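Structure, as structure tokens:
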Protein chains: 2
Amino acid sequence: MKATVIGVGTELLVGHTQDTNTAELAADLLESGAEVEVSFRVADELEPLVRELAHALRHHDLVVTTGGLGPTPDDLTREAVARAIGAPLVADEAMLEKIRAFFDRMGRPMPEANRRQAMRPRGAEWIENPRGTAPGFLWQGGGKTLLALPGPPEEWRPMWEEAKRRLGLSKKPRYRKVLKTFGLGESQLAEILGPLFAEVGSYAKPWGVELVVHDEDLVKKIRKKLKGKIWGEDEDTLAGLVHRRLLAEGKTLAVMESVTGGLVAELLTEVPGASRTFRGGMVSYTREAKARFGVPEEVLEAHGQVSAPTARAMAEAARRLLDADFGLAVTGVAGPEALEGHPVGTVFVGLATDRGSWARPYRFPDQGRERVRLRAAYAALAYFWSEA
Amino acid sequence: MKATVIGVGTELLVGHTQDTNTAELAADLLESGAEVEVSFRVADELEPLVRELAHALRHHDLVVTTGGLGPTPDDLTREAVARAIGAPLVADEAMLEKIRAFFDRMGRPMPEANRRQAMRPRGAEWIENPRGTAPGFLWQGGGKTLLALPGPPEEWRPMWEEAKRRLGLSKKPRYRKVLKTFGLGESQLAEILGPLFAEVGSYAKPWGVELVVHDEDLVKKIRKKLKGKIWGEDEDTLAGLVHRRLLAEGKTLAVMESVTGGLVAELLTEVPGASRTFRGGMVSYTREAKARFGVPEEVLEAHGQVSAPTARAMAEAARRLLDADFGLAVTGVAGPEALEGHPVGTVFVGLATDRGSWARPYRFPDQGRERVRLRAAYAALAYFWSEA
């Protein structure tokens, strides 16, 4: 089966919004056994959209579109598909009621413009959108299949799964294991792994390096060589592992953050059910805030805000103030300027437990505020993972 | 002039390498006055590449390709172009010497494979590559122009400038203003703006809707119609505006967050110099943490964690505890489960000032935890921006 993807939207074409849809769908179609040789991005204009839809249908068995299903006049996918397949657009009262009900749930009246979203080409069946007002549709005719999905990934992903079910497309499992490491750069990994390194895909992430391996034996060999450096695999996240460990031990964690400004707490609370293990956090972005939250004045006086003793005292204060089993803290310099004589990228992570408290220094390259903060936040989680 | 861009490479098609080339070139072509309605990503395979090149040439005056000019057998752009335009590939001794000289400078012998890079379709002229071994070429015939560039941006960018000089393409500075709104959906904006809406680009962001306008008069008209709904323009961020306003007034802010788990603090501390206006924050992810941070037991008892009075009490506690001029707070339900009978997407933002405190309810669609949290965090900043 030959398949192609059309991303609809002027903003995608010129990069105003980054188009990740067409590549994600192309990769998924490939994994479902389809041949994918080309993808398209088309502006919000009727004529080229009709032309490229017709061209795509001529050379492919399945054409998937994303975007252009909104309520506004520049949302043209419905009309362009209707023209490309030669079927009129028809209104569907039942779908209109569903869209109206969506607005009811938000406590707002449905704007007139949204009526357009209840139109589909005659002969097409709906793919309902559980997360938005733009339903998709599936049309089949003359041996060709066309699937129209909305643009936002969180909306189209469940609809795509539903469409695949209806079309009988299923992933052909290919062995694939992602190994997630911390604390080693790619060139260090290359040295440690030797010739094995050439057989894996390696990708630098803010939390470390990800290795993608397509062979089970190779995974075993790599695990042996990287003992203690692999913190997780596949869909694992550092915050998820921290949550799972705490849950298993019936323990809780509190954090105090300076340089990361809330990022560690945010990562921890991305995990559903986080409130069972995460007591809460403090963002002590100023010296006064650190003191208010219980970091002793004499520690701040003697060592400054960016130091190992302060990181320890912050972790202890977080643990104490929120009555948690563990306290985790981060202080450092994200830039753009140095602080207390410490260059940008200097970071200390502190950990407080019922057995005592510790801190560890880190030094990240100055790759900009955002990058330093991200790496510091992941370093804190990795420190907890390896030391707590 | 109608122009299009073809990105060649299987890795671009499936997103293994992110394709930024086609969007960058499309945007640059637009700025040079060309019409760009579609772009293509094509796998490293001869047949679809020839087909899409021919298709693109049929409908456009200028076709620009990137990628597929390397020395290995899967680099097929040269051959595909030759077939699409119906001209044979010919070797060029002078170019071969230049490629050999490039290797000489690296102190390495030229591999035999690189001979292919000295081939061009008959009638095409070279565009030299100052930064690599892959020269590009420019072909013109039958009123059509085809430009083949290599894939790496640092290589093709100077070559693209050279090609534009030869083609007489020059950037026409084009007026562009981005207006950033909050609190209205795209369909509501379409209603308010009426026919003006068709003349702007509108893009939904987690903080609201962004309008891109290419006409100065139109900007004035839209500003008038959307008074009080536009919070910023161009590179403005909500956190940056909050910081600037506080700085101008010599005031400070503290936050307490539940549902957003640190995201509001994180957005505020992304701004360089944030410590001058941001006192710090608390992540009161549990009921106990809220109480510890000073939310009165009787408020939690009477109204629960997700309520307007609790949001107000959280804002007051943040203001008090960190001795700030303003306290800002968010509580709500990000999911996956409802909380205290409130459905996912229920959010309350509280604001405490020296003149009293307020709270406002929001209701976001359940588009997943991450999206609800993002929208809640931006709602809090926008509430501060409009009410403080």
### Pairs with Cβ under 8 Å, 6+ apart, first in region A:218-236 and touching a residue at least 60 places away in the same chain (Cβ under 8 Å), second assigned to a strand (DSSP E or B) and not hydroxyl-bearing (Ser, Thr, Tyr)
A:231/A:180; A:231/A:208
### Task
Return a yes/no flag: does region B:269-281 have any residue that is in a loop (DSSP other than H, G, I, E, B), at positive phi and modelled with pLDDT of 95 or more.
no
### Task
Being out of contact with any Gly (no Cβ under 6 Å at 6 or more places or on another chain), closer than 17 Å to residue B:377 by Cβ and of a type outside the set (Phe, Trp, Tyr) narrows it down to one of B:273, B:304, B:280, B:294, so name that one.
B:280
### Residue list for region A:133-153, restricted to those being in contact with a helix residue (DSSP H, G or I) (Cβ under 6 Å, 6 or more places away or on another chain) and within 14 Å of another protein chain (Cβ to nearest Cβ)
A:133, A:134, A:150
### Message
So in region A:98-124, with the set limited to residues that are open to solvent by less than 60 Å² (accessible area, probe 1.4 Å) and small (Gly, Ala, Ser), which one is nearest to the other protein chains (Cβ to nearest Cβ)?
### Response
A:113
### Query
Has region A:78-93 got any residue that is touching a Leu at 6+ places or on another chain (Cβ under 7 Å), within 22 Å of residue B:190 (Cα to Cα), at pLDDT 95 or above and away from chain B (no Cβ under 13 Å)?
yes
### Task
Only one of these is touching a residue at least 60 places away in the same chain (Cβ under 8 Å) and either within 8 Å of chain A (Cβ to nearest Cβ) or outside any helix (DSSP H, G or I) (or both): B:295, B:259. Name it.
B:259
### Query
Can you tell me which residues in region B:8-53 are assigned to a helix (DSSP H, G or I), aliphatic (A, V, I, L, M) and open to solvent by less than 30 Å² (accessible area, probe 1.4 Å)?
B:12, B:13, B:23, B:25, B:26, B:29, B:49, B:53
## Note on the structure
Per the list (1) out of contact with any Phe, Trp or Tyr (no Cβ under 9 Å at 6 or more places or on another chain); (2) part of a loop (DSSP other than H, G, I, E, B), residue check on residue B:129 breaks on (1)
#### Entry: Unique match (being assigned to a strand (DSSP E or B) and in the same structural domain as residue A:259 (by TED's automatic domain parsing)) among A:318, A:302, A:329, A:324
A:329
### Query
If we scan region B:231-239, do we find a residue that is open to solvent by less than 50 Å² (accessible area, probe 1.4 Å), modelled with pLDDT of 90 or more and part of a strand (DSSP E or B)?
yes
### Query
So which residues in region B:70-97 are assigned to a helix (DSSP H, G or I), buried (at least 17 other Cβ atoms within 10 Å of the Cβ) and either among the charged types (D, E, K, R) or in contact with a Lys or Arg (Cβ under 6 Å, 6 or more places away or on another chain) (or both)?
B:78, B:79, B:83
### Query
When residues of region B:308-331 are filtered for being open to solvent by 10 Å² or more (accessible area, probe 1.4 Å), away from chain A (no Cβ under 12 Å) and either touching a helix residue (DSSP H, G or I) at 6+ places or on another chain (Cβ under 9 Å) or aromatic (Phe, Trp, Tyr) (or both), how many remain?
4
### Query
Do you know which residues across region A:17-35 are closer than 19 Å to residue A:76 by Cα and facing chain B (nearest Cβ under 9 Å)?
A:17, A:19, A:22
### Query
Can residue A:121 be described as closer than 24 Å to residue A:56 by Cα and under 28 Å from the mean Cα position of the chain (by Cα)?
no
### Task
Name the single residue, out of those in region B:179-195 being in a loop (DSSP other than H, G, I, E, B) and not hydrophobic (A, V, I, L, M, F, W, C), that is least open to solvent (accessible area, probe 1.4 Å).
B:185
### Task
Those residues that are open to solvent by 10 Å² or more (accessible area, probe 1.4 Å) and either touching a His at 6+ places or on another chain (Cβ under 7 Å) or β-branched (Val, Ile, Thr) (or both), I need them from region B:290-307; list them, please.
B:299
### Message
Name the residue that is least open to solvent (accessible area, probe 1.4 Å), counting only residues in region A:54-69 that are of a type in the set (Gly, Ala, Ser) and in a helix (DSSP H, G or I).
### Response
A:56
### Task
Check whether at least one residue in region B:101-116 is among the aliphatic types (A, V, I, L, M) and touching a strand residue (DSSP E or B) at 6+ places or on another chain (Cβ under 8 Å), and report yes or no.
no
### Query
Got a number for residues in region B:125-167 being modelled with pLDDT under 95, in contact with an Asp or Glu (Cβ under 6 Å, 6 or more places away or on another chain) and open to solvent by less than 40 Å² (accessible area, probe 1.4 Å)?
2
### Task
Could you please find all residues in region B:338-352 being of a type in the set (A, V, I, L, M), closer than 23 Å to residue B:382 by Cα and either not assigned by TED's automatic domain parsing to the domain that holds residue B:308 or not in a strand (DSSP E or B) (or both)?
B:344
### Message
Among the numbered criteria (1) surrounded by fewer than 17 Cβ atoms within 10 Å (Cβ to Cβ); (2) under 29 Å from the mean Cα position of the chain (by Cα); (3) within 9 Å of chain A (Cβ to nearest Cβ), which one does residue B:1 miss?
### Response
(3)
### Task
Just need a number here: residues in region A:347-377 that are open to solvent by less than 70 Å² (accessible area, probe 1.4 Å) and either within 14 Å of chain B (Cβ to nearest Cβ) or touching a strand residue (DSSP E or B) at 6+ places or on another chain (Cβ under 6 Å) (or both).
16
### Task
Scan region B:273-289 for residues that are open to solvent by less than 10 Å² (accessible area, probe 1.4 Å), touching a residue at least 12 places away in the same chain (Cβ under 8 Å) and facing chain A (nearest Cβ under 8 Å) and jot them down.
B:274, B:278, B:280, B:281, B:282, B:283, B:284
#### Entry: Residues that are part of a helix (DSSP H, G or I), open to solvent by less than 50 Å² (accessible area, probe 1.4 Å), over 24 Å from residue A:109 (Cα atoms) and within 14 Å of chain A (Cβ to nearest Cβ), drawn from region B:196-227
none
### Message
If residue B:5 satisfies all but one of (1) in contact with a strand residue (DSSP E or B) (Cβ under 8 Å, 6 or more places away or on another chain); (2) assigned to a helix (DSSP H, G or I); (3) hydrophobic (A, V, I, L, M, F, W, C), what's the number of the condition it fails?
### Response
(2)
### Tabulated pairs, region A:44-61, first within 8 Å of chain B (Cβ to nearest Cβ), second of a type in the set (Lys, Arg), C-beta under 8 angstrom, 6+ apart or interchain
A:59/A:2; A:59/B:51
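The values are calculated or read from the model by the stated rules, or taken from the named source; none is laboratory data. From a predicted model like this one, the values you see are computed outputs, not experimental measurements. We place every Cβ from the backbone using ideal geometry, glycine too, and count neighbours over all the protein chains shown. Keep in mind that these areas ignore ligands, DNA and RNA; they rest on the heavy atoms of the full protein, side chains included. Shrake-Rupley method; radii C 1.70, N 1.55, O 1.52, S 1.80 Å.
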